[in-house]
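Below is one structure, written out as structure tokens, with a few remarks after it.
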Amino acid sequence: MSTGPRTLILMRHGKSGYPSGVADHERPLADRGRREAALAGEWIRSEDLQVDAVLCSTATRTRQTLERTGVSAPVTYLDEIYGGTPFDILEAIRVYAPEDASTLLVVGHEPGMPQTALALDPDGYIERFPTSAYAVVSVGLDWDRLGLEADPEAELLGVRVPRGEA
């Protein structure tokens, strides 16, 4: 039973650091990444995108990005999003997104986040998707159907690239 239009926010983690001897999965955010992730959270709120639930990669930098956004919705951390393809990410959404969530935030990596947005709206266009960027996609299907069939209502509404001071 459909509950109406939904909003999917696909966010790339903030700029990470590269400390010596630290595995990719454990890399933390750099100072710039912390600032821009906080700014992304401000922008999400300023667009009145009220996040009901979050799916987040288990990587340290995605967890820290989510924390810095200030989004306080319930979170599910998933290994499937780390390095995930659009197929993996859409499967994670189908399995883990709460049925009653109107707005879902997924925090992950590049190229998975922008490729998932384009998989949902093949007519969409993304020029670039740097760290802390997020795509906003309007979808018409319930979360448990997303990606299993064409969604004629899916539309990439835009990509936001938070830059500046937070």
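The values are calculated or read from the model by the stated rules, or taken from the named source; none is laboratory data. From a predicted model like this one, the values you see are computed outputs, not experimental measurements. With ideal geometry, Cβ positions are generated from the backbone for all residues, glycine too; neighbour counts draw on all protein chains shown. Areas reflect the complete protein model, heavy atoms only, side chains present, ligands, DNA and RNA absent. Shrake-Rupley method; radii C 1.70, N 1.55, O 1.52, S 1.80 Å.
Take ALA30 and tell me if it is free of Cβ contacts under 8 Å to residues at least 24 places away in the same chain and under 16 Å from ALA133 (Cβ atoms).
So ALA30 fits the description; yes.
Do the conditions hold for ARG61, that is, is it open to solvent by 30 Å² or more (accessible area, probe 1.4 Å) and either among the basic types (Lys, Arg) or free of Cβ contacts under 8 Å to residues at least 40 places away in the same chain (or both)? So ARG61 fails the test.
Considering GLY147, GLY83, GLY108, the condition of being farther than 16 Å from GLY14 by Cβ and either surrounded by fewer than 16 Cβ atoms within 10 Å (Cβ to Cβ) or under 12 Å from the mean Cα position of the chain (by Cα) (or both) is satisfied by GLY83 alone. A Cβ distance below 6 Å, combined with a sequence gap of six or more or placement on separate chains, defines the contacts here; from segment 83-102, residues that are among the polar types (S, T, N, Q) reach residues that are modelled with pLDDT of 95 or more in the pairs SER102/ARG6; SER102/ASP52.
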